[in-house]
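Visitor: I'd like to ask you about the structure that follows.
What follows is calculated from the coordinates using simple rules that are stated; it is not laboratory data. Because the structure is predicted, anything quoted here is derived from the model rather than measured. FYI the Cβ positions are ideal-geometry reconstructions off the backbone, even for glycines, and counts take in every protein chain you see.
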Amino acid sequence: MKMRMKAKTNFVCQQCGATYAKWMGQCTNCQAWNSLVEQVAEPASGAGKSAIAKGQVSGKKLDFVKINTIVPSDAKARLATSFKDFDMVLGGGILMGSVSLLAGQPGMGKSTLLMQVCAAVAEGGHSVLYISGEESAGQVKLRAERLGAKSENLNFAASTSGNDIAKTIESGEFDLVIVDSIQTLMMDEISSAPGTVSQVTNCGNLIIRAAKSTDTAVIIVGHVTKDGTLAGPKVLEHLVDVVLNFEGDRYGGFKTVRAVKNRFGSTNEVAIFEMIDSGLKEVANPSAALLEERTNEDGSVILATLEGNRPLLVEIQALTTPSNYGYPKRTVSGFDLNRLNLLIAVIERRTKLKLSDKDIFVNVVGGIKLNDSAADLAVCMAIASAAAGRKLEDGYVVFGEVGLGGEIRSAFRADQRIAEAKKLGFKHAIGPAAVKDKFVMPVTSLREALIRFVK
Ligand code: TYD
Ligand code: MG
């Protein structure tokens, strides 16, 4: 058997670029900790070196073209995924030659989603290869069967070799290749363990180069931890064309896919899925589904929010209980804890409600993660409603930002929020006075909102 030549590698500080032959915990040049990453050494050619020494410019003049004559890369073919909203998130389907990263927590449904996408693209007559470094052929077959993926054009390979995968992509035999997942890949030349920054960056680069050279669309799976911090996929974000975040509740509830980076489309679209027996299904009317099981209790308020470009009505629930310790507890799910603490401070300071002796729990129903400043008023009203034990009247939705002075500030795209509320049969919105619409009962301060509507 032929021994593969071990390529020479060195360790490069990601902060200052200093190179070392051996790994060290701290860069002796810039004192940064943990900044050394193993890379394949590419020695500068002799000519280049001497040119630098002489202060000469060694490059050649670039070939340039008139912008008017360039064919936009958007004009290339796109592969439809069979998911209408997911296609929108991608900017109109998967662009040939594009490399995307699908990042999400383990168990979110990444492999499921991609197997469904593969099945649809293969049905459309394109050749597809699903590469798994995590699961055996038998396991993947089980999932494929469950999802009804049985096209002749759908192929499978098990591999953890970055080199082999890049070579396979480079063959140009496939229109779409899935790599599940980047954390399992190893490159021969690199000695670090799979999942380390060195392996992820080098394998990522290799795959991207292969995809671009053959115009193959590639989707790479990346696992992230709960707070999204795992180093691996983060470094990939800079290299790929599209970064998709798969978020939500792993056990039931809605899951959302949105693009946090897209070189070929907007980042405002979102696809909302639910996991059923036969795989992931797009939710056609998420507002209705989210409100289906609602009973109007105290502490429950309907917020008219936006998920990307889409208006969405979600229920905010708050619960307050007497604190057992001197230090009241604040717990939140689907909303920012710091923002919650700020809002509690505003309520205490700007209204007569006392919350310092109460534990407060806030929950956004349906696994939705709010990222909307106009959620403030609904959260405040839910807390006030829970603390006072009084419910809001039926038929109201709420939106508006709360300032530190307790003033209600305007919300962007109020018309879309109002339209969604009307569509679902709501009678009124409680919102900022700046919105000129008869549907909105205007409130100028938090105090006014609580006095008028939490009674
Ligand atoms: P999976 O796609 O393997 O998650 P990931 O690749 O992100 O780690 O699947 C996530 C969960 O979905 C798994 O626990 C089982 C469940 N599931 C269903 O409920 N229905 C289905 O049809 C499939 C294929 C999976
Ligand atoms: Mg998986």
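Visitor: Per the Cauchy relation, a quarter of the hull surface: what is the mean projected area of the convex hull of the alpha carbons in the chain, in nm²? Write down the numbers at each step before the final one.
Guide: On the way: hull surface 118.9 nm².
Over all viewing directions, the chain projects a mean Cα-hull area of 29.7 nm².
Visitor: Quick one: if you stick a label point 7 Å off each Cα along the C-beta vector at Ser266 and Leu62, how many nm between them?
Guide: 3.0
Visitor: Which of the peptides 342-349, 203-210 is most tightly packed, and how do the rest follow, judged by the mean count of other Cβ atoms within 10 Å per residue?
Guide: Values: 342-349: 17.2, 203-210: 21.9.
Ranking the peptides 342-349, 203-210 by packing returns 203-210, 342-349.
Visitor: Here's a follow-up. Kindly write out, for segment 91-98 in residue order, the coupling ³J(HN,Hα) from the Karplus curve 6.51 cos²θ - 1.76 cosθ + 1.60 (θ = phi - 60°), rounded to whole Hz, with x marking Gly and Pro.
Guide: x, x, x, 7, 6, 4, x, 8
Visitor: Taking R0 as 30 Å, what's the FRET efficiency between Ala289 and Ser373 from their Cβ-Cβ distance, rounded to 0.05?
Guide: On the way: r = 25 Å, r/R0 = 0.82.
The pair Ala289/Ser373 has a calculated efficiency of 0.75.
Visitor: For segment 332-348, just list the computed ³J(HN,Hα) in residue order, Karplus coefficients 6.51, -1.76 and 1.60, θ = phi - 60°, integers in Hz, with x standing in for Gly and Pro.
Guide: Calculated HN-Hα couplings, in order: 9, 9, x, 9, 6, 5, 4, 5, 4, 4, 5, 5, 4, 4, 5, 4, 4 Hz.
Visitor: Something else now. List the trypsin sites (Lys or Arg not before Pro) within segment 210-296 that DSSP assigns to loop and that have no more than 16 neighbouring Cβ atoms inside 10 Å. Please report the intermediate quantities before stating the final value.
Guide: On the way: sites: Lys212, Lys226, Lys234, Arg250, Lys255, Arg258, Lys261, Arg263, Lys281, Arg294; in loops: Lys226, Arg250, Arg263, Arg294.
Answer by residue number: Lys226, Arg250, Arg263, Arg294.
Visitor: Taking the Kirkwood radius as the inverse of the mean 1/r across Cα pairs, report the Rg/Rh of segment 17-175.
Guide: Working: Rg = 22.4 Å, Rh = 20.3 Å.
We get a ratio of 1.10 for segment 17-175.
Visitor: Taking the Cα centroid of segment 148-201 and of segment 423-442, what is the distance between the two, rounded to the nearest whole Å?
Guide: Each part reduced to its Cα centre gives a spacing of 52 Å.
Visitor: Based on the alpha-carbon gyration tensor of segment 185-271, what equivalent-ellipsoid semi-axes (square roots of 5 times the eigenvalues) come out, in whole Å, largest first? It would help to have the intermediate numbers written out before the result.
Guide: Details: eigenvalues 120, 67, 20 Å².
They are 24, 18, 10 Å, listed from largest to smallest.
Visitor: Sorted by average packing, counted as other Cβ atoms within 10 angstrom per residue and highest first, what order do 60-71, 126-137, 17-28, 303-314 take?
Guide: Numbers: 60-71: 6.1, 126-137: 20.2, 17-28: 12.1, 303-314: 22.7.
Ranked from most to least packed, the peptides come out as 303-314, 126-137, 17-28, 60-71.
Visitor: For segment 114-155, compute Rh as the Kirkwood radius over C-alpha pairs and then the Stokes-Einstein diffusion coefficient at 10 °C and 1.306 mPa s; write the answer in µm²/s, rounded to an integer. Mind dumping the intermediate values first?
Guide: Working: Rh = 10.2 Å.
The Stokes-Einstein estimate is 156 µm²/s.
Visitor: Under 14 Å from a point 7 Å along the Cα-to-Cβ line of Asp415: which residues of segment 421-435 have their amide N that close?
Guide: Under cut-off, by backbone N: 435.
Visitor: Tell me which residues come under 5 Å, amide H to amide H, from Arg409 once H is placed; ignore anything under 5 positions away on its chain.
Guide: Glu401, Val402, Gly403
Visitor: Can you give the Rg/Rh ratio of segment 74-284, where Rg is from the C-alpha atoms and Rh is the Kirkwood radius?
Guide: 0.93
Visitor: In whole angstrom, how long is each semi-axis of the equivalent ellipsoid of segment 264-303, when you take the square root of 5 times every eigenvalue of its Cα gyration tensor and sort them from largest down?
Guide: Equivalent ellipsoid semi-axes, largest first: 26, 17, 7 Å.
Visitor: Assuming R0 = 22 Å, can you tell me the calculated FRET efficiency for the pair Thr444 and Ala388, based on Cβ-Cβ distance, to the nearest 0.05? Let's see the in-between values first.
Guide: Details: r = 21 Å, r/R0 = 0.94.
Step by step, r from the Cβ atoms, then E = 0.60.
Visitor: Quick one: which residues, 5+ away or cross-chain, put their amide H under 5 Å from the amide H of Met186? H built at 1.01 Å from N.
Guide: Under 5 Å from the amide H of Met186 lie the amide H atoms of Ser161, Gly162, each far enough along the sequence or on another chain.
Visitor: Output the lone cysteines of the chain: those with no second cysteine's C-beta under 4.7 Å from their C-beta.
Guide: Cys118, Cys203, Cys380
Visitor: Another question, if that's okay. Return the calculated 222 nm mean residue ellipticity for the chain, to the nearest 500 deg cm²/dmol, obtained by summing -39500 (n - 2.57) across DSSP H runs with n ≥ 4 and dividing by the residue count. Don't jump to the answer; show the numbers that get you there.
Guide: Details: 12 runs with 125 residues, N = 455.
Taking each H run of at least 4 residues, the total per residue is -8000 deg cm²/dmol.
Visitor: So, one more: When the Kirkwood radius is taken over all Cα pairs of segment 336-455, what Stokes-Einstein diffusion coefficient follows at 25 °C and 0.890 mPa s, in µm²/s?
Guide: Details: Rh = 14.5 Å.
D = 169 µm²/s.
Visitor: Further question on the same structure: Whole-Hz Karplus ³J(HN,Hα) for segment 180-197, in order, using 6.51 cos²θ - 1.76 cosθ + 1.60 and θ = phi - 60°, x for Gly and Pro?
Guide: Once rounded to whole Hz, the list reads 10, 10, 4, 5, 8, 7, 10, 10, 3, 6, 10, 8, 5, 6, x, x, 7, 4.
Visitor: Taking Cα centroids, how far is segment 96-117 from segment 299-354 in Å?
Guide: Rounded to whole Å, the Cα centres lie 33 Å apart.
Visitor: A further question on this structure: Could you work out the per residue convex hull volume over the alpha carbons of segment 62-127, in cubic angstrom? Each step should come with its number before you reach the end.
Guide: Details: hull volume 9.0 nm³, N = 66.
Convex hull volume per residue, Cα atoms: 136 Å³.
Visitor: Taking the Cβ-Cβ separation of Glu170 and Glu282 as r and a Förster radius of 41 Å, what is the calculated FRET efficiency to the nearest 0.05?
Guide: 0.75
Visitor: Taking Rh as the Kirkwood radius, which is the inverse of the mean 1/r over Cα pairs, what is the Rg/Rh value for segment 292-360?
Guide: Details: Rg = 14.0 Å, Rh = 13.8 Å.
Answer for segment 292-360: 1.01.
Visitor: Within segment 231-265, list the chymotrypsin sites (Phe, Trp or Tyr not before Pro) lying in a DSSP loop whose Cβ has at most 13 other Cβ atoms in a 10 Å radius.
Guide: On the way: sites: Phe246, Tyr251, Phe254, Phe264; in loops: Tyr251, Phe254, Phe264.
Those satisfying the criteria are Tyr251.
Visitor: I'd like the chymotrypsin sites (Phe, Trp or Tyr not before Pro) in segment 396-455 restricted to DSSP loop residues with at most 13 other Cβ atoms within 10 Å, sorted by number. It would help to have the intermediate numbers written out before the result.
Guide: Values: sites: Tyr396, Phe399, Phe412, Phe426, Phe439, Phe453; in loops: Phe399, Phe412, Phe426, Phe439.
Counting only loop positions with at most 13 other Cβ atoms within 10 Å, the chymotrypsin sites (Phe, Trp or Tyr not before Pro) in segment 396-455 are Phe412.
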